[in-house]
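The values are calculated or read from the model by the stated rules, or taken from the named source; none is laboratory data. If you're wondering where the values come from, they're calculated on a predicted model, not measured in any experiment. So basically every Cβ, Gly included, is an ideal-geometry build from the backbone, and we count neighbours across all protein chains shown.
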Amino acid sequence: MWILLLLPFIGLLWVPFYNETLPELFGFPFFYWYQLLWVPITAFLTWIVYRSQRSGGDE
């Protein structure tokens, strides 16, 4: 389950993948909203790992 915590790191590691201006979302370039999208995703993944460790064990 700890492997889920690597997803945000991997998703943001390769900067040339998201170093673009288009598409825009509410006026924000892709570069910004892609990074901001990872904030709730990372919080959710951290919560999943926390709940799995709290309720049982290391799977």
Can you pull out every residue in segment 24-49 that is farther than 25 Å from TRP2 by Cβ, free of Cβ contacts under 8 Å to residues at least 12 places away in the same chain and out of contact with any Ser or Thr (no Cβ under 6 Å at 6 or more places or on another chain)? GLU24, LEU25, PHE26, GLY27, PHE28, TYR32, TRP33
Residue check for TRP2: touching a Gly at 6+ places or on another chain (Cβ under 7 Å) and closer than 30 Å to SER55 by Cα: no
Six or more apart or on different chains, Cβ under 8 Å: which pairs go from a residue in segment 2-23 that's over 21 Å from THR46 (Cβ atoms) to one that's of a type in the set (S, T, N, Q) and surrounded by fewer than 12 Cβ atoms within 10 Å (Cβ to Cβ)? Could you list them? none
Of everything in segment 13-43 that's surrounded by 11 or more Cβ atoms within 10 Å (Cβ to Cβ), in contact with a Phe, Trp or Tyr (Cβ under 8 Å, 6 or more places away or on another chain) and at pLDDT below 90, which residue is nearest to SER55 (Cα to Cα)? TYR18
Of everything in segment 44-59 that's of a type in the set (Gly, Ala, Ser) and surrounded by fewer than 12 Cβ atoms within 10 Å (Cβ to Cβ), which residue is modelled with the highest pLDDT? SER55
